[in-house]
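The values are calculated or read from the model by the stated rules, or taken from the named source; none is laboratory data. On a predicted model such as this, the values are computed, not experimentally measured, just so you know. Ideal geometry is used to build each Cβ from the backbone, glycine not excepted, and the neighbour counts take in all protein chains shown.
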């Protein structure tokens, strides 16, 4: 995995960002989209996994089988049993409870970084596409500078400076992916802006801002949703890796990456301690990737036929 | 005509009616600051009289679409100016163009890309009315659909639910919304199937009469221009090579390029003549 | 024996029939025009003849080259036919050429796919071919990339590739649609000359009746995947039997350089061209035809009507003057337009 | 001409990026609360000795001068002395590079060996179940984080069957074979994901070629499918793949930091993480800027090669 994440993000960006300009995206109506959705296994599987994860995270606030932080040294490193389905860790904490609680951190990490990347990247991209010229150049070159800097490295540096924290790490990841969002937004907005219906709108006197709101945004929304979903999985990869390295969420808060990091010391005693959170991370990343791919299949008209 | 617009008094002595829309010495250079840009139009003068039907013909690279955008004040000429009823409109900020926008509208070539795929037909037709305060959309939208021969129920549908010809009707209805005096049509039938083309031509011809439109018809198709327009402007590489009345130009083209263009039009039963004879 | 003989060619996409029972024969040197609009199946027919259909499309029937059926051949055998016996020119010369390869090499490749010769010989031949398609400086222009050439030049490169191995049949799919009128005229003249010189048979696909009528002695009109009329070009133009052909002809004649330009209403075919897969069952034209009756729910066979063939239950009888309604009532029934 | 201008432009962006990165890294670490001298000497140190050390480290100078000293040192090859070990940073770094560079190259090899065949199969058989299966496999590969993959490999090959070492590193000088063996599992962990990601790009770009008009033209000339793909696909398919390749390398480099941690390899990544733990800030600065420089340089080179591959770039009127 490259939690540098760049390749994943590129995998995300490349097919849609600077693709052939032309057909503005998303001619599908919702009903059509829904009919297609039922035939997209990616979307169904991905959607289900993501839904379960979100539910797990919400559930963990009200109920977990045991207190995820509750230490019980007398049952440390006990294997799976009817009382503790996935066993206990080195402090005797219930692994299942910690897994459920860990979903919170994962979702939180994704939300923070996608929000940062989107809330800054989308307006920047729209602005660049709309204005063009020097401003466009300035925005996109600044983006290039940020994009060249590996995201994980930025997170490590910030952790070194400010101490380990989920939020700090996610801000670093979010900032690192602003250019990705900006590029995708700009590329697809340019395609829409060059279409004749935008020219027609200008010919009946719609100002630039109204054109963005009425024509550009509705037409690129689908692409941005896809982008957000795929970026979510990149953020999860980055966050769990930082936690694993001990640079993210500090203990004792339950987080999947950190659970693996600790379990590594007990591989001889109970290798499954590392496997359970590993599966959780795997499913989460897979879920968001499939969701993104599925949404793209359903929403991006260029991939139809 | 609406007198709220700054319409200059027509010089009383003038025998020739003042043009409703005119380009004066217009040039357009794209990109490049140090003279490296592409020259799309060079020193073009076009004068369109009220009620005229003017065809602007040329091949790719002739600058005809650029001229259309300049006449629409969608782009600013590098030199020269566009005047509407004597008032300069080129280079004006958008807020000062509202009355111009109401009076000059445009139809584009590709009915796929000229309608927003995310909007229902009702909204597509209502948008110009909203943007220009040009009437109540609840009464105007059905009227517009009637005018272009589409059922009123079309309003609920999206563009992709129509065929090419029907979409072009929608685009025409949108342009008619603000009750324009001038309609600029940029290759409006070129992307259509042959069997549908005649319908749209008939529709345009009928609407010119019904709405007393001045028509600026931009096309590469000599036959269609001949059918629709009383005057012709022939563009070649950004310059006007010939202009005059349709019958005259088609019967006795004076410029070599016009002759080549006419000779190249395929006609039933025989091969067209390539420029400069049989072999190039 | 015919050079190319297509028998009952049918192409399906899943359950939808895209091309239905197309048959024609071509003798050496003969030129056949296929007329059709979007959704007529004309391009698919050409691709099926070449064996270049997308994997989702399935072709049945026979495509006979001499006595060998292309559809029954192995892929290797088909490769020998393609570019050798049969060559094709496509509509979009910009995308049909590889953007990262010099055009001379692309032509040389067509030669080396079928003839044993050295690279240098192939390069030499490619330059000669460029000269034949009227490049003024072939040796230099052979080293150009496609984006450095004009649209007409690119299409001439395609033509050079097509004639590289002296094909018996050339299929040209809308070869001049993307070109300017003056360039189109050049291209058509060049094609006519080369086809004659090569004594090759030509299949020219176009939406433009005039283009086909000037080039081809035989014409086949397609609508909704069916051949609706076919015969000698002059005879078809003089007395079209199928209402669709008649309508097309009337429309074309009414908007031309020598029509009466003062008339307010030109003849037209009512309704819209349905999307592929949405043509009515039976005669595909019946939803737009003023002569349609209940009988038309069954596809009529293509059979002799007067001096040529037409597939119509109610063919037009008289000479020339087609009976096209001049009613101003245009609106196409939206339900008929066929989309969901 | 304009191609050269373009290249110069990219070079300027590279320099600007490096400058921006160095300033950021420097500032982020310079504004830290608490002085490095205090950290080094511990809480028991007298203010006088802390002040003395601060002066010795040059940390009492104005910020801009500290920055200038640092960058000047980097440019002349003087990376400075580690705050903690007192050793020259260059010596530590060169030892670590002997682990990290081979690891990245091996990871790259694994990635390419996975990506090219997988991508080709899934593209050529896109309409068949086997193609879909390979596609799904790559989807699975992408979702396995390096550290999870690494630990699974340790569990299987080291803890369960004792086939390969679970970690640690014997230097190349001591035993080349041992050193190589200890890099096998890390390289696989590193390469699988990169390979899976790359394979998706190989697949996409081959599919694009297969669906292109010029591929159809090549087939119409009589070229067989694979022949047409080889002649017309290689270069065209390479263009998008090369663009990702730069990013892939960045991914490998950053991924190596994590993998070294999983397998306790004494590479650059481990060095960086230890330096972060010990607050050995100069070392952190040096490593971070060094890694960024390599990544940025790779992106620059990729961009240049991309321009060489595609004749259309930079020659448009």
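Of the conditions (1) surrounded by fewer than 23 Cβ atoms within 10 Å (Cβ to Cβ); (2) out of contact with any strand residue (DSSP E or B) (no Cβ under 7 Å at 6 or more places or on another chain), residue B:101 satisfies every one except a single condition; which number is it?
So residue B:101 meets the others, but not (1).
Of A:135, A:199, which residue is within 14 Å of chain B (Cβ to nearest Cβ) and over 21 Å from residue D:28 (Cα atoms)?
Among A:135, A:199, only A:199 is within 14 Å of chain B (Cβ to nearest Cβ) and over 21 Å from residue D:28 (Cα atoms).
With closer than 30 Å to residue B:245 by Cα, under 18 Å from the mean Cα position of the chain (by Cα) and within 11 Å of chain B (Cβ to nearest Cβ) as the only criterion, which of C:188, C:264, C:257, C:248 stands out?
It is C:248.
Being surrounded by fewer than 23 Cβ atoms within 10 Å (Cβ to Cβ) and not in a loop (DSSP other than H, G, I, E, B) is the filter here; which residues of segment D:265-279 pass it?
The answer is D:270, D:273, D:274, D:277, D:278.
Rundown of residues vs (1) at pLDDT 75 or above; (2) within 12 Å of another protein chain (Cβ to nearest Cβ), yes/no style:
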| site | (1), (2) |
| --- | --- |
| D:9 | yes, yes |
| D:24 | yes, yes |
| D:40 | no, no |
| D:47 | yes, no |
| D:52 | yes, no |
| D:58 | yes, no |
| D:61 | yes, no |
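Please find, among A:238, A:203, A:263, the residue that is modelled with pLDDT of 85 or more and more than 30 Å from residue B:69 (Cα to Cα).
Just a single option satisfies the conditions, and that option is A:238.
Is it true that residue B:166 is closer than 30 Å to residue C:246 by Cβ and touching a residue at least 60 places away in the same chain (Cβ under 8 Å)?
So residue B:166 does not fit the description; no.
Can you list residue pairs whose Cβ atoms sit under 7 Å apart, with the first residue in segment D:298-313 being outside the structural domain of residue D:242 (by TED's automatic domain parsing) and free of Cβ contacts under 8 Å to residues at least 24 places away in the same chain and the second being surrounded by 17 or more Cβ atoms within 10 Å (Cβ to Cβ) and outside any helix (DSSP H, G or I)? Count only pairs 6 or more apart in sequence or on different chains.
D:311/C:100; D:311/C:145; D:312/C:99
Tell me the residue from B:209, B:269 that is more than 7 Å from chain C (Cβ to nearest Cβ) and over 15 Å from the mean Cα position of the chain (by Cα), please.
B:209
Could you run through segment B:237-266 and say how many residues are under 18 Å from the mean Cα position of the chain (by Cα) and buried (at least 21 other Cβ atoms within 10 Å of the Cβ)?
Within segment B:237-266, residues that are under 18 Å from the mean Cα position of the chain (by Cα) and buried (at least 21 other Cβ atoms within 10 Å of the Cβ) number 2.
With the condition being at pLDDT 75 or above and farther than 24 Å from residue D:150 by Cβ, I'd like the helices (runs of 4 or more DSSP H) fully within segment A:1-108 carrying at least 2 qualifying residues.
Of the helices (runs of 4 or more DSSP H) lying wholly inside segment A:1-108, those with at least 2 residues that are at pLDDT 75 or above and farther than 24 Å from residue D:150 by Cβ span A:41-62.
Yes or no: segment D:302-310 includes at least one residue that is closer than 22 Å to residue D:96 by Cα and assigned to a helix (DSSP H, G or I).
No; the residues of segment D:302-310 include none that is closer than 22 Å to residue D:96 by Cα and assigned to a helix (DSSP H, G or I).
Inspect segment C:134-145 for any residue being at pLDDT below 95, under 26 Å from the mean Cα position of the chain (by Cα), more than 23 Å from residue C:45 (Cβ to Cβ) and outside any loop (DSSP other than H, G, I, E, B) and give the result as yes or no.
No, segment C:134-145 contains no residue that is at pLDDT below 95, under 26 Å from the mean Cα position of the chain (by Cα), more than 23 Å from residue C:45 (Cβ to Cβ) and outside any loop (DSSP other than H, G, I, E, B).
Within segment D:235-250, does at least one residue satisfy the condition of being over 30 Å from residue D:14 (Cβ atoms), facing another protein chain (nearest Cβ under 9 Å), modelled with pLDDT under 90 and in contact with a helix residue (DSSP H, G or I) (Cβ under 9 Å, 6 or more places away or on another chain)?
No - not one qualifying residue is present in segment D:235-250.
Picking from A:224, A:242, A:247, A:217, which residue would you name as being within 25 Å of residue A:116 (Cβ to Cβ) and at the interface with another protein chain (Cβ under 9 Å from one of its Cβ atoms)?
A:247
Kindly indicate whether any position in segment A:228-237 is within 7 Å of another protein chain (Cβ to nearest Cβ), in a helix (DSSP H, G or I) and under 18 Å from the mean Cα position of the chain (by Cα).
yes
Need the failing condition index for residue D:205 against (1) facing chain A (nearest Cβ under 10 Å); (2) more than 30 Å from residue C:86 (Cα to Cα), just the number.
(2)
Do we find a residue being within 8 Å of another protein chain (Cβ to nearest Cβ), within 15 Å of the chain's Cα centre (by Cα) and either surrounded by fewer than 18 Cβ atoms within 10 Å (Cβ to Cβ) or under 16 Å from residue A:204 (Cα atoms) (or both) anywhere in segment B:146-160?
Within segment B:146-160, not a single residue is within 8 Å of another protein chain (Cβ to nearest Cβ), within 15 Å of the chain's Cα centre (by Cα) and either surrounded by fewer than 18 Cβ atoms within 10 Å (Cβ to Cβ) or under 16 Å from residue A:204 (Cα atoms) (or both).
From the list B:192, B:215, which one is buried (at least 21 other Cβ atoms within 10 Å of the Cβ), within 23 Å of residue B:22 (Cβ to Cβ) and more than 7 Å from every other protein chain (Cβ to nearest Cβ)?
B:215
Checking the conditions here, which among B:183, B:204, B:215, B:150 is in contact with a strand residue (DSSP E or B) (Cβ under 9 Å, 6 or more places away or on another chain) and without any contact (Cβ under 8 Å) to a residue 40 or more places away in the chain?
Only one candidate passes the filter, namely B:204.
Name every residue in segment D:125-167 that is within 11 Å of another protein chain (Cβ to nearest Cβ), over 19 Å from residue A:269 (Cβ atoms) and over 24 Å from the mean Cα position of the chain (by Cα), in order of residue number.
Matches in segment D:125-167: D:125, D:126, D:127, D:128, D:132, D:135, D:136.
Considering every residue within segment C:65-78, establish whether at least one is facing another protein chain (nearest Cβ under 8 Å) and either crowded, with 21+ Cβ neighbours inside 10 Å or closer than 14 Å to residue C:5 by Cα (or both).
Among the residues of segment C:65-78, not one is facing another protein chain (nearest Cβ under 8 Å) and either crowded, with 21+ Cβ neighbours inside 10 Å or closer than 14 Å to residue C:5 by Cα (or both), which makes the answer no.
Within segment D:98-129, track down each residue that is within 27 Å of residue D:182 (Cβ to Cβ) and either outside any helix (DSSP H, G or I) or not assigned by TED's automatic domain parsing to the domain that holds residue D:269 (or both).
none
Residues of segment A:262-290 being at the interface with chain D (Cβ under 8 Å from one of its Cβ atoms), part of a helix (DSSP H, G or I) and without any contact (Cβ under 8 Å) to a residue 24 or more places away in the chain, which ones?
Matches in segment A:262-290: A:264, A:274, A:275, A:278, A:282.
Residues to consider are C:222, C:158; find the one that is buried (at least 24 other Cβ atoms within 10 Å of the Cβ), within 25 Å of residue B:221 (Cβ to Cβ) and within 14 Å of chain B (Cβ to nearest Cβ).
C:222
Considering every residue within segment C:218-232, establish whether at least one is in a helix (DSSP H, G or I) and in contact with a strand residue (DSSP E or B) (Cβ under 8 Å, 6 or more places away or on another chain).
No, segment C:218-232 contains no residue that is in a helix (DSSP H, G or I) and in contact with a strand residue (DSSP E or B) (Cβ under 8 Å, 6 or more places away or on another chain).
Is it fair to say residue D:99 is within 30 Å of residue D:261 (Cα to Cα) and within 14 Å of chain A (Cβ to nearest Cβ)?
Answer is no for this residue.
Kindly provide the set of residues from segment C:253-275 that are under 21 Å from residue C:312 (Cα atoms) and either exposed (fewer than 14 other Cβ atoms within 10 Å of the Cβ) or in contact (Cβ under 8 Å) with a residue 60 or more places away in the chain (or both), ordered by number.
Matches in segment C:253-275: C:268, C:270, C:271, C:272, C:273, C:274.
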